[in-house]
Each structure stands twice: as C-alpha cells, then as structure tokens.
Amino acid sequence: MIKDLAVGIMTMIPQTPITALGINFSGHYKFASRNEYHKIGDALAPKNIWKTVFPSGAIGLSNLTIKIQPCERDEAPKTIDEINVTVQQSTKIRGGGILFSYNDQKDIVSRVDESTTSAEWVALLIDKEWDKSQSKSVEVFSGLINSALAEETT
C-alpha cells in the first residue's frame, strides 16, 4: 500500500523537483540468546582493535552503517546510486534485539531528460524497484545474520 501511495503522490505532482530517491526497509530481529546477539556485533565490528585503545570497559556495537557503491575499491563509482545497510541495537526488542535497515539510494538527476520529469522518474523507479529492494533487504539481513552466527569465535 505504501508503494502505491508513493507512486500516486509522484504521479499527482509531476513537476516537483527531486534529486534522489531512497527506498528503505528495516527489520527488528530477536535472537535466541545473548550469546547470539553479541556474536552478530562481534562479527560485524571486531573488538580486538578497540580493546587496544580501551583495555577496560564494555565495548559493543551501537550503530554501524556500511555503504555499497557500484564499483571496485579505489575506482570511481559508475553512478551515484548506493546501498546503505545500518545495524543498530533495537529499541523495540530490549536485551538482545538488533535493528537492520536497508536504504537503496537512487540518483534521479542523471536519469531525467526532456521527456520525463524527476517526479515521473521517481514514480517509475518506485514501481519498478520496490519489490526488488524489499527482497534484497531480506536477503541482506538474513545473509548478515547467518554469516555472523557461522563465524568461529576467537
């Protein structure tokens, strides 16, 4: 319903200038144990380097965002499209929950031409990319959880 609403709004106001579109999904995950919860944070943000700087005290992941661009490392991105994945402590699931967020950021300026306005492009992209972004977000969240839980503890 949100997808249809967003497409409808953009269709109703086609002259609205838009430079970027973010298609966002998030999910709160509860883990079976505190050990699993900590294993996710330890895999995504290893603590060894932090322990050299802060030898005493509890060290834990609070907020981590990773940016993925369509290029190889040290190469110029082919577009300014990007995906941002954020991992945070859940505010809904206390004592063992993690919030994963997925932001599929699309450049609109490079897509606009004389025949289509930026709002019309946004409506087209939402309609075309929404389901793919939603599926990819679930795949990314599950992949991160499964990979982190499969990590050997050191």
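The values are calculated or read from the model by the stated rules, or taken from the named source; none is laboratory data. Computed from a prediction, not measured in an experiment: that's the story for all the values here. Every residue, glycine as well, gets a Cβ built from its backbone with ideal geometry; the counts of neighbours run over all protein chains shown. For accessibility, only protein heavy atoms count, side chains too; no ligands or nucleic acids. Shrake-Rupley method; radii C 1.70, N 1.55, O 1.52, S 1.80 Å.
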For this session: Would you point out the residue of segment 12-31, among those that are modelled with pLDDT of 95 or more and of a type in the set (Gly, Ala, Ser), that is farthest from Val140 (Cα to Cα)?
Result: Gly22
Problem set entry | Residue list for segment 94-106, filter: part of a strand (DSSP E or B) and either touching a helix residue (DSSP H, G or I) at 6+ places or on another chain (Cβ under 8 Å) or polar (S, T, N, Q) (or both) | Gly97, Ile98, Phe100, Ser101, Tyr102, Asn103, Asp104, Gln105, Lys106
Exercise. Only one of Ala123, Ala76 is closer than 30 Å to Gln15 by Cβ and among the small types (Gly, Ala, Ser); which?
Worked result: Ala123
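Taking Ser133, is it touching a residue at least 60 places away in the same chain (Cβ under 8 Å) and open to solvent by less than 60 Å² (accessible area, probe 1.4 Å)?
Criteria met by Ser133.
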For this session: May I ask you to list the residues in segment 94-121 that are in contact with a strand residue (DSSP E or B) (Cβ under 9 Å, 6 or more places away or on another chain), open to solvent by 50 Å² or more (accessible area, probe 1.4 Å) and at pLDDT below 95?
Result: Val109, Trp121
